[in-house]
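Trainee: Pasting a structure below so you can have a look.
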Amino acid sequence: MKLELITRVFEGISGARKDGGAWLFPEEVEVSLYVSLPAEVLTLPKVSRVLPTAELLTVETHRGERFYFAPEDLSGVKVGSTRERDRGAGFVR
């Protein structure tokens, strides 16, 4: 993805905030990134921080992992909610 498109996508995520050049995502908003590799698509779940620059996309997860990719390798973004009511197992309280 182009850097401008990445920025527009992140601007549209409810709960996302910008800290300097980085985008921060709270745990309540589940953000997953899809990265195109030569033989497969890698899914990066539970993204907490993304620092997009023209040369490098630095991704950190809530699990403490850190990944580095070229921005053009990012092929998609998934946004979901992890609110308590969305995680129920069918039991009534």
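Trainee: Answer yes if at least one residue in region 49-60 is of a type in the set (Gly, Ala, Ser) and either surrounded by 11 or more Cβ atoms within 10 Å (Cβ to Cβ) or over 13 Å from the mean Cα position of the chain (by Cα) (or both), and no otherwise.
Mentor: Our first condition is that a residue be of a type in the set (Gly, Ala, Ser); within region 49-60, this holds for 54.
Imposing the further condition that a residue be either surrounded by 11 or more Cβ atoms within 10 Å (Cβ to Cβ) or over 13 Å from the mean Cα position of the chain (by Cα) (or both) reduces the set to 54.
Taking every residue of region 49-60 in turn, at least one turns out to be of a type in the set (Gly, Ala, Ser) and either surrounded by 11 or more Cβ atoms within 10 Å (Cβ to Cβ) or over 13 Å from the mean Cα position of the chain (by Cα) (or both).
Trainee: Could you name every one of the strands (runs of 3 or more DSSP E) located completely within region 1-45 that has at least 2 residues being surrounded by 14 or more Cβ atoms within 10 Å (Cβ to Cβ) and under 12 Å from the mean Cα position of the chain (by Cα)?
Mentor: Working: elements: 17-19, 22-24, 29-36, 41-44.
Correct list: 22-24, 29-36.
Trainee: Same structure, new question: Being of a type in the set (A, V, I, L, M) and at pLDDT 95 or above narrows it down to one residue among LEU37, LEU44; which is it?
Mentor: Values: LEU37 fails: at pLDDT 95 or above.
Just one listed residue meets the conditions, LEU44.
Trainee: Okay, moving on. Return the residues of region 46-69 that are in contact with a strand residue (DSSP E or B) (Cβ under 7 Å, 6 or more places away or on another chain) and either of a type in the set (Ser, Thr, Tyr) or assigned to a loop (DSSP other than H, G, I, E, B) (or both); say none if nothing qualifies. Spell out how you get there, then give the answer.
Mentor: Just the residues of region 46-69 that are in contact with a strand residue (DSSP E or B) (Cβ under 7 Å, 6 or more places away or on another chain), to begin with: 46-51, 56-62, 66-69.
Within region 46-69, LYS46, SER48, LEU56, THR58, THR61, HIS62, TYR68 qualify.
Trainee: Suppose we keep only residues that are at negative phi and not charged (D, E, K, R) within region 61-71. Which one would you say is surrounded by the fewest Cβ atoms within 10 Å (Cβ to Cβ)? Full working, then the answer.
Mentor: In the first step, residues of region 61-71 are kept if they are at negative phi; the result is 61-63, 65-71.
If we keep only those that are not charged (D, E, K, R) too, we end up with 61-62, 67-71.
Values: THR61: 18, HIS62: 15, PHE67: 15, TYR68: 9, PHE69: 17, ALA70: 11, PRO71: 16.
The residue in question is TYR68.
Trainee: Of the numbered conditions (1) out of contact with any His (no Cβ under 9 Å at 6 or more places or on another chain); (2) free of Cβ contacts under 8 Å to residues at least 40 places away in the same chain; (3) among the charged types (D, E, K, R), GLU28 fails exactly one; give the number of that condition.
Mentor: Exception for GLU28: condition (2).
The values are calculated or read from the model by the stated rules, or taken from the named source; none is laboratory data. Remember, predicted model here, so these are calculated numbers, not experimental data. All Cβ positions, glycine included, derive from the backbone under ideal geometry; neighbour counts span all protein chains shown.
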